[in-house]
Amino acid sequence: MTELSADQQRLVELMTGYQNGNMSDFNDLYEALKAPLTRYLWTFVRDAATVEDLLQTAFLQLHKARHTYIPPRPVKPWIYAITRHAALMHLRSHRRRQEAPPADALPDIPIPPEAEKLGDRKMVQQVLLELPRPAQEVLVLHHMLGLSFAETARVIGISAGAAKVRAHRALKTIRARMAKLGGRA
């Protein structure tokens, strides 16, 4: 196992403290993970209220499954997998009623640094939204939230090589689409 960064080590300490009943550690864990999990959930749903509900569902599932976390493994892939499961279950249960909001109602979503230099931010965001969900998910997990390809692969349930290929193809698609739209690709 590779050595953990200071940020990852802090999350392991918080999760271990939480497993031992320290609610202050849970509160710190929640604060540390709330923003990145929220960004990740936007790849599944585009509604602020639903994202907040899914975030709460993910933390409820984390609470129920806290005994399954094995230190000193990284916490992020474990909680992203829980969050992904909560989002997929929501999508399955709402598949028939799901409606996409109008494009102008979408919030500013973060875009990968590699894609930012390709053109106008709004145009890149729109192209990112047009990608298939698996491609969006890999870009968000790896390029925006900083998970390694191995961690991204564990979250999604694919190989690290497949995660790299998805990310490469997604960025290639963004570049091609931006070139077609008159971006700087």
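The values are calculated or read from the model by the stated rules, or taken from the named source; none is laboratory data. On a predicted model such as this, the values are computed, not experimentally measured, just so you know. Glycine also receives a Cβ, built like all others from the backbone with ideal geometry; neighbour counts cover every protein chain displayed.
Could you check, for segment 31-42, whether at least one of its residues is assigned by TED's automatic domain parsing to the domain that holds R73, closer than 16 Å to A87 by Cα and not in a helix (DSSP H, G or I)?
Checked segment 31-42: at least one residue is assigned by TED's automatic domain parsing to the domain that holds R73, closer than 16 Å to A87 by Cα and not in a helix (DSSP H, G or I).
Mind listing whichever residues of segment 1-15 are β-branched (V, I, T) and crowded, with 16+ Cβ neighbours inside 10 Å? Give the steps one after another, and end with the answer.
So the first thing to find is which residues in segment 1-15 are β-branched (V, I, T), and the list is 2, 12.
Result: V12, single match.
Are there any pairs, at least 6 apart or on different chains, whose C-beta atoms fall under 9 Å, with the first in segment 54-77 and polar (S, T, N, Q) and the second surrounded by 20 or more Cβ atoms within 10 Å (Cβ to Cβ), and if so, which?
T57/T83; T57/A86; T57/A87; Q61/I82; Q61/T83; Q61/A86; T68/W78
Search segment 158-175 for residues being free of Cβ contacts under 8 Å to residues at least 40 places away in the same chain and β-branched (V, I, T), and hand back the single one that is nearest to V127 (Cα to Cα).
First, the residues of segment 158-175 that are free of Cβ contacts under 8 Å to residues at least 40 places away in the same chain: 158-170, 172.
Imposing the further condition that a residue be β-branched (V, I, T) reduces the set to 158, 165.
Working: I158: 24, V165: 19 Å.
By that ranking, first place goes to V165.
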